[in-house]
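A short worksheet on the structure shown next.
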Amino acid sequence: MRLRNWIAVVVSVLLLVAVGIVGMMVNRSALRAADTVHRSDSLALAVNNATLAGQMQQLSAKELKGFADSHPFNLGAGYAGDREALDAFVKKSPSFPYGAAIAALDGTMRNASTVNPLPPASDVGYRPMRALLLAGKLGVTSVMRVKDGTGATVAVEAFAVPIRAGAVTTAVLIGYHKFAATTLQAYTARLKSATHVTEIVDTAGLVGFTSDVGRIGTQVAPSVVDAARRLTGGSAFVEYRSGSTKMISIVVKNDSLPGGWAYVRTQTLASFDGAVHRRSQTINLTLLAMLLIGAVGISILGYRTQVQRRRADERFQALFQHAPDMVAVLDAGGRIAYSSPSAASVLNFPPGSLQGSSVFELVHPEDRARMREAFATLLNKRDAVLRLQTRVLNGSGNAVWFEFTASNQMQNPALTGIVINARDISENRAFQERLHHEATHDALTGLPNRRRMQDALDTSLRDDAVAVLFLDLDGFKPVNDAHGHEAGDELLRQIAERLSACVRDGDVLARVGGDEFVVLMPGVTAQADAEAMSHRVRTAVERPFQVLGAEVSIGASVGVHLATPSDDPDQALRAADHAMYAVKHLGGGRRANAVGVPEQREPARVGRHRAE
């Protein structure tokens, strides 16, 4: 009997040991899977943030390029007119309020704004900028330090674009901004967290933009610098030690970030691993405790096992109850077999109401076909993982943007379904859409800009004729001179409102220059229809304006060109520009209207900003 008891104890202990080993292996596998998803999500978030940062930098570069292309520089050394233009640009520029300069092709400074002292031409930070310009790319410096107008040392960055005369580059226009005062720094500061630091660093590892403003101009860890230099594109994790602390950084380099700069997010390895690893350690300790208890007696082991399981279930349910992300399991038909409690609360549905419903009923009607196709593809690939963004209808019927990560676990007997993890990305999508709108619309009037107008003209001429009206204001400069730029800006806004009331539904009204507007009239082939529109816009502009308490009267010169589908869009625009100049040379809109100016079929010369 005693032998049997010992045998029972030994067998029980061996079985418990075997179960413990299996449990540890399963726990390790689950930890690896959780680490993979966590790292993948962290990389995706880092790449997204790096792309947004790069888009903001590209927007700044577009402003600088627009100034370089539109202003007729003299380029003489110390020329007063160029210096005044640079000062005016710096005063009005949201991206380069610190300063601007004109440099010769050999790197020597030809002229500069007078608002703040600028880094000397010998500063090593200009080297990467020159190399990028020689490669035909946007010139971006490294982090440079200089004393500003108050005598304080500040960190600055410069962008450079070529100044061209025709197709020949004659000089370089450089715009400077102080890191601490940029829109990108304000955005990066919003990413501040108690657990990690977000930074954007140059090729030497100096911090330019950071969630911790005190780190601007400091050096990141050498391991991070080495990893950034090795990356030619993409992202990577870097683990290293800072003293006795284990650290981990996510490094991202892509085409959006100009000048070889890199996005870096750094935190301690312990905070990155977080609760997943702590939970894994707890499970391992629990299994060891179970093994020790098994040596004492099966009864005590059974009791302790039940207690541990109950506590684990309660903890697991608590985590799902308060998790901000939604988790669901779908069957092969797309019906919800399980959803976490947070799913109903996030979507404003009654608890339990989503069980058994089709996930496609929650998807926005315009996205359902795409979701069904993606779901079918996922079902046909075992253990496949799919990520996509789509709109979901909440309990109020409103569409909310979500990012889904779907994993095919149909072969996993514990799940037997498609596991969905979803998070609300509405704010992120809204920010991206706002960036797109700002890139295609004029900031002053809200009208489409030149880029948006040219896209619309290209699209319209593929299928139909288009009447192109090129409008230039007569007498706008005296308003600016007499009443100031604020009055000029207000006048442009009022003109935009009047012109918007003149055009038809389907027409495109765009501001393409300082006081230049373009109207596109798709489908118009009759000269009389185009002239009627020309008359309406001239009449609207010639009515007096009330600007900052003063009555202002101006006129408009309008050039008309009827473009056919066989016309080149650029040629059509230049023809309307030339027709406008024919009106302008006859004394402006009113006088030319009395004399009569023929519609231009082929341009005799290029547009105003290039005309003699």
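For the reader, a short list of remarks on this structure follows.
- The residues of the chain expose on average 51 square angstrom of accessible surface per residue, using a 1.4 Å probe on protein heavy atoms.
- Computed from Cα atoms, the angle from the helix 426-440 axis to the main principal axis of the chain rounds to 20 degrees.
- For the chain, the longest principal axis of the C-alpha atoms and the axis of helix 527-542 are separated by about 90°.
- When only Cα pairs below 8 angstrom with a gap of at least 6 residues are kept, the chain shows a relative contact order of 8 percent.
- 3J(HN,Hα) couplings calculated from phi for the range 133-141 with the Karplus curve 6.51 cos²θ - 1.76 cosθ + 1.60 (θ = phi - 60°) are, in sequence order, 5, 5, 7, x, 10, 5, x, 9, 7 Hz; Gly and Pro show x.
- In summary, the lysines within cross-link reach of residue 91, defined as a Cα separation below 27 angstrom excluding same-chain residues under 8 places away, comprise 62, 65, 137, 147, 178, 477.
- Two numbers describe the Cα atoms of the chain: Rg and Dmax, which are 32.7, 125 Å.
- With at most 15 neighbouring Cβ atoms within 10 Å, loop trypsin sites (Lys or Arg not before Pro) (DSSP) excluded, longest segment of the chain: 193-380
- For the range 109-234, the alpha carbon positions stretch 52, 39, 24 Å along the principal axes, listed from largest to smallest.
- Note on residue 370 and residue 438: the model spin-label points, each 7 Å out from Cα along the C-beta direction, lie 2.4 nm apart.
- Potential lengthening between residue 219 and residue 463 on full extension [0.36 nm per residue; Cα-Cα distance subtracted]: 82.2 nm
- Taking a quarter of the surface of the Cα convex hull of the range 466-589 gives a mean projected area of 7.2 nm².
- Across the protein chains, with a 1.4 Å probe defining accessible surface, the residues 551, 438, 403 rank 551, 438, 403 from largest area downward.
- Straight-distance candidates among the aspartates and glutamates for linking to residue 253, with alpha-carbon spacing under 18 Å and chain neighbours fewer than 8 residues away dropped: 41, 199, 202, 226, 239.
- Residue-level accessible surface for residue 379, protein heavy atoms, 1.4 Å, Å²: 60 Å²
- Rough spin-label spacing in nm, given labels placed 7 Å along Cα→Cβ, for residue 355 and residue 384: 3.1 nm
- Apportionment of accessible area to carbon and sulfur, the chain, percent (1.4 Å): 55 percent
- Distances between placed amide hydrogens fall under 5 Å for residue 338 paired with 329, all partners being 5 or more residues away or on another chain.
The values are calculated or read from the model by the stated rules, or taken from the named source; none is laboratory data. On a predicted model such as this, the values are computed, not experimentally measured, just so you know. Every residue, glycine among them, receives a Cβ derived from its backbone with ideal geometry; neighbour counts consider all protein chains shown. Just so you know, the surface numbers come from the protein's heavy atoms only, side chains and all, with ligands and any DNA or RNA stripped out. Shrake-Rupley method; radii C 1.70, N 1.55, O 1.52, S 1.80 Å.
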